[in-house]
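Only one structure is covered here, and it is reproduced in the block below.
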Amino acid sequence: MERNWQKKDLRYYIDTNLENASVSNGIFMAIVEGETETLLKYEYQNIEDIGQHIFRLIEQNVKQEYMISSTLHQIAHDFYSSGKEFAMPIIKRDDELVELSGIALFKGSKMVSTLPAKDSFYVKIVRDTFKVSLYETVLENEDVPSEILQKPANKITVAFDAIQSKREMMLVDADTPTFDLNIKIKSRVLEVYPDINQGDPKSVAALEKAIEKKLSKEIRRVIAHSQEVESDIFGFGEKYRSEVRHSKLTKDKWQKIYKDMKVNVHVDFTILRDGVFE
């Protein structure tokens with residue numbers, strides 16, 4: 001679908017595909033940045049079947065947890081949920097290259113905003129759990145005690161993989177409403193630049209706290225952005241509906257509540273002992 005696809009309501013595309021027995025519920029739905037016809041009809045030098053190429057591109061990125069999943073089944077579930085909106089990957093053609101350039105956020109049938117592809121990590125870690133993947137982040141020097149670094153630096157690059165995460169979403173105040181979002185992450189750290197003393201428990205603990213602070217900040221940013229555009233892609237509304245009896249929650253009602261919702265983000269990051277510092 002093109003980013004300016006609204007010649008037909010999204011419900012049309014969802015219902016039409018759901019009713020078509022020849023269409024699998026496992027197909028991926030996505031937004032095209034630019035003209036869909038241009039992307040599909042372009043004669044690529046190294047791509048024989050652009051449809052299969054796009055499917056494999058999304059499938060591979062979903063399996064490696066670099067991108068959120070957007071199957072027809074998942075999109076239909078979120079579309080018809082009173083307490084959740086949906087999000088889709090954005091596809092972009094850059095000359096001979098087809099890439100996933102971002103995430104489209106929806107409010108009902110309308111695309112209301114986008115996030116860069118790198119934010120898929122934060123979106124997924126709030127919506128779901130991680131079991132694999134690779135992630136790199138940059139810490140500010142004020143977040144990391146200078147004494148643990150081998151040499152001074154304004155920014156510290158950290159790469160980690162083998163990410164295992166669990167998240168717990170709790171409604172602590174139904175009136176505001178207010179949620180506690182507790183995320184526990186265990187991971188190997190592949191690289192820290194500049195290096196730190198891996199044999200010093202205090203240095204490792206300081207690095208863990210710095211990563212926790214960074215991840216909490218980024219998660220709050222992404223949630224706040226979704227609130228600004230009234231697109232609850234995380235399912236806080238579903239949690240609210242399940243906890244608050246007789247809420248009679250509708251999509252319109254939750255959209256109004258969602259923008260003023262409060263979330264207390266708590267990240268607990270643990271570096272696995274078999275991590276390697278380079």
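The values are calculated or read from the model by the stated rules, or taken from the named source; none is laboratory data. None of the values given here were measured: they were computed from a predicted structure. Glycine also receives a Cβ, built like all others from the backbone with ideal geometry; neighbour counts cover every protein chain displayed. Accessible surface areas use protein heavy atoms only, side chains included; no ligands, DNA or RNA. Shrake-Rupley method; radii C 1.70, N 1.55, O 1.52, S 1.80 Å.
Summary of computed values
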| quantity | calculated |
| --- | --- |
| Complete set of residues in segment 63-102 that are touching a Gly at 6+ places or on another chain (Cβ under 6 Å) and open to solvent by 10 Å² or more (accessible area, probe 1.4 Å) | THR71, LYS84 |
| The listed residue being in contact (Cβ under 8 Å) with a residue 60 or more places away in the chain and closer than 22 Å to SER133 by Cβ, out of ILE257, ILE211 | ILE211 |
| Scope segment 67-88; condition in a strand (DSSP E or B) and within 18 Å of LYS259 (Cα to Cα); matching residues | ALA87 |
| Residues (buried (at least 19 other Cβ atoms within 10 Å of the Cβ), farther than 15 Å from VAL144 by Cα and either among the charged types (D, E, K, R) or in contact with a Ser or Thr (Cβ under 8 Å, 6 or more places away or on another chain) (or both)) located in segment 187-200 | SER187 |
| Residues of segment 157-173 satisfying the condition of being touching a helix residue (DSSP H, G or I) at 6+ places or on another chain (Cβ under 7 Å) and either farther than 19 Å from PHE121 by Cα or open to solvent by 80 Å² or more (accessible area, probe 1.4 Å) (or both) | ARG167, LEU171 |
| Residue match in segment 263-276 (condition: in contact (Cβ under 8 Å) with a residue 12 or more places away in the chain and among the basic types (Lys, Arg)) | no |
| Filtered residues of segment 174-186 (kept if touching a strand residue (DSSP E or B) at 6+ places or on another chain (Cβ under 8 Å) and exposed (fewer than 13 other Cβ atoms within 10 Å of the Cβ)) | THR176 |
| Helices (runs of 4 or more DSSP H) (entirely within segment 201-264) containing at least 3 residues that are aliphatic (A, V, I, L, M), buried (at least 19 other Cβ atoms within 10 Å of the Cβ) and at pLDDT 95 or above | 201-228 |
| Per-region count, segment 23-36, residues open to solvent by less than 40 Å² (accessible area, probe 1.4 Å) and either assigned to a strand (DSSP E or B) or farther than 21 Å from MET67 by Cβ (or both) | 3 |
| Sole exception among (1) in contact (Cβ under 8 Å) with a residue 60 or more places away in the chain; (2) of a type in the set (Gly, Ala, Ser); (3) open to solvent by 60 Å² or more (accessible area, probe 1.4 Å) for SER146, by number | (1) |
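Here's the yes/no breakdown for (1) in contact with a Lys or Arg (Cβ under 9 Å, 6 or more places away or on another chain); (2) part of a strand (DSSP E or B):
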position: THR38; (1), (2): yes, no
position: GLU43; (1), (2): no, no
position: GLU65; (1), (2): yes, no
position: VAL98; (1), (2): yes, yes
position: LEU105; (1), (2): no, yes
position: MET111; (1), (2): yes, yes
position: LYS124; (1), (2): no, no
